[in-house]
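Chemist: Just passing along the structure, written as structure tokens.
The values are calculated or read from the model by the stated rules, or taken from the named source; none is laboratory data. All of these numbers come straight from a predicted model, not from anything done at the bench. Cβ: placed from backbone, ideal geometry, glycine included. Neighbour counts: every protein chain shown. For the accessible areas, the whole protein counts, side chains as well, though only heavy atoms, and no ligand, DNA or RNA atoms are used. Shrake-Rupley method; radii C 1.70, N 1.55, O 1.52, S 1.80 Å.
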Amino acid sequence: MKSEELINIIHNDNESEIIDYKTNFNDTGSICKYISALGNSALAASYPNAYLIWGVEDLSKKIIGTKFDPYTSKARILPKDGNEEKIKKSNFPFITYIESYVSPKINLDWEIYDDIEGKRLVSLIIDVRYINQPLKYKGVSYIRSGTSVKPLSEFPEKERKIWRNFESSKFELNYAKTNVSYDEIKILLDIDFYIKSIGLENVDDETVIRNLVNNHIITVTNNTFNITNLGAYTLAKDLSEFPDLKRQSVRVTKYDGNYKTDNAIFDVSGSKGVAVGFSNMIKNIFNHIPYMEKYNNGIRKDDPAFPLIAIRELVANAIVHQDFTISGMRPMVEIFDNRIVISNPGIPLIDPMRFLDFPPQSRNSELADILGEFHIVESRGTGIDKTVASLENNELPAIEIVQKGTEATQITIRGKKKFKDMSVTEKNESIYWNACLKYVNDEQINNATLRKRFNLTKNDSSLISKAISNAVDSNLLKIYDSEAGRKFVTYIPYWGVSVQHKYQ
């Protein structure tokens, strides 16, 4: 982790169930419990990492430094009565002890920073992406309750959530149908679509089968084949042949107005695998979104109210990032006269406000990979960048991303509005995402760049100044260089690194 990333965490994140700050904490047994508790909390919340940071006060988050050194320390075990005078010293190297008694084996990334605001800090990143059971210390699993460490057994709901998240990661590779022949596979799955999409024309069946196995579409058992959930969900000619998967197909609904209580004039759920039916689904969406009249040299043209690239990326993301273990929910596209709402079961693995700068992470990695092969999702993780940019280019408000409890994610895009007609929230979100887009391209925003974004003139400077002030007050923006003169002030997202911290 770079020092800038560590500074961002300290400045922007308080102690939580996945982050803890310490000073010279060196009780090895307790540290092992913290690793178990923080890691399991990350698993329960579907986060890839948890953090233990030395040299920072827990409440004020004041950087005070630490003498703790994980590489030179020996294991120190606090007795059960908590008496520090009886602390047991050993010849075990500190890190070796932890690796011996914390199970299963995980990636523990220790970093020492010798000069952060003139102080020495130590960080531990607890990477839980590649395990399939709760973390234990000496056979006992722990969890965070607020900022306390408790046995996981005291929180059965959290333990069930952890195991359910593990099941989600297995879903794609479970079997949808077993003991079928290759001829039956060609009846059930659109192998012609697969061959054309992957570029396997003019090859023999043996080569196609080998490719299907490598992409986890099918597996081989003796002389027969098994179709995985991944294969059926993406390539089924008819999802009714796979009833459990049919309930996960995308549902597209068009309401005759702006409310869910209005009549649904179109309401269809996909009948084919999501890869096979994706293009037709996008066509159906565009057949039901509003269009606007435009005239160019006297020629009338109807343009869609929403850009194609934004719809494609957001629908594809809803498919890829859904949580297959949540029953009774499916990806949905709801079209109203003034907006489109795209939702999926499951919450993001990263903070929704960091979609644009964090590397993409999916709980369904095989599904993401194969849809990348079909050119349905962005394999480079630039889909959200293109979505934000396309909305700006069409002078639309920014996306609104809402986490619905612990069960769903909802993204809304709204029709064209003049800046003065936007709500404060819409202005804040539009300015924030514009700042994110600029920041990842090593640029900042200011009054002039935002006037250009919203197609405003110099006469509207005061409107933009007020909107910037609101975004700063809402902790979405911060000043890039606090020592710049008033005319030269620029802004970056709240998580960005300012001039004053960049060179420390």
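Chemist: Can you pull the one-decimal nm distance between simple spin-label points at N338 and V440, each 7 Å off the Cα toward Cβ?
Modeler: For N338 paired with V440, the spin-label model returns 3.0 nm.
Chemist: Still on this structure, please answer the following. Over all directions, how big on average is the projection of the convex hull of the alpha-carbon atoms in the chain, in square nanometres?
Modeler: Averaging across all directions leaves 30.2 nm² for the Cα convex hull.
Chemist: Along segment 242-259, what does the Karplus equation 6.51 cos²θ - 1.76 cosθ + 1.60 (θ = phi - 60°) give for ³J(HN,Hα), rounded to whole Hz, x for Gly and Pro?
Modeler: 10, x, 5, 7, 4, 6, 9, 5, 7, 9, 10, 10, 10, 9, 8, x, 10, 10
Chemist: Right, something else. Quick query: amide H of T490 versus all other amide H atoms, modeled in the peptide plane; which residues come in under 5 Å with a sequence gap of 5 or more or a different chain?
Modeler: Y480, D481
Chemist: Just by accessible area at a 1.4 angstrom probe, what is the order of L391, L476 from largest to smallest?
Modeler: Final ranking, largest accessible area leading: L476, L391.
Chemist: Evaluate the distance, in nm, between pseudo-label points positioned 7 Å from the Cα of D58 and of V203 along their respective Cα→Cβ axes.
Modeler: Here the modelled spin labels are 5.7 nm apart.
Chemist: Whose amide H sits under 5 Å from the amide H of K136, counting only residues 5 or more places off or on another chain, with H placed in the peptide plane?
Modeler: Close amide H contacts, sequence-distant or interchain: S103.
Chemist: For segment 308-329, list residues with backbone N below 19 Å from a point placed 7 Å from the Cα of T178 toward its Cβ?
Modeler: none
Chemist: Express the C-alpha Rg of segment 141-217 as a ratio against the empirical globular expectation 2.2 N^0.38 Å, rounded to two decimals.
Modeler: Compared with the compact-globule rule of thumb, segment 141-217 sits at 1.85.
Chemist: Which is the longest run of the chain containing none of the GluC sites (Glu not before Pro) found in DSSP loop states (not H, G, I, E, B) with at most 11 other C-beta atoms within 10 Å?
Modeler: Formally, the longest exposed-site-free interval is 202-482.
Chemist: Whole-Hz Karplus ³J(HN,Hα) for segment 157-165, in order, using 6.51 cos²θ - 1.76 cosθ + 1.60 and θ = phi - 60°, x for Gly and Pro?
Modeler: These are the phi-based 3J(HN,Hα) values: 5, 5, 5, 5, 5, 4, 5, 5, 5 Hz.
Chemist: Something else: Which far-off residues, 5 or more places away or on another chain, put their amide H under 5 Å from the one on K177, with H placed in the peptide plane?
Modeler: The list, which skips near neighbours in sequence, is I227.
Chemist: Evaluate E = 1/(1 + (r/R0)^6) for T221 and S279, where r is the Cβ-Cβ distance and R0 equals 35 Å; express this FRET efficiency to the nearest 0.05.
Modeler: After rounding, the FRET efficiency stands at 0.60.
Chemist: Could you give the nm distance between label points at T96 and S498, where each point is 7 Å from its Cα heading toward the beta carbon?
Modeler: In this crude label model, T96 to S498 measures out at 4.6 nm.
Chemist: Can you list the lysines whose alpha carbon is less than 19 Å from that of K196, not counting same-chain residues fewer than 8 positions off?
Modeler: Straight-line reach from K196, under 19 Å: K186, K237, K272.
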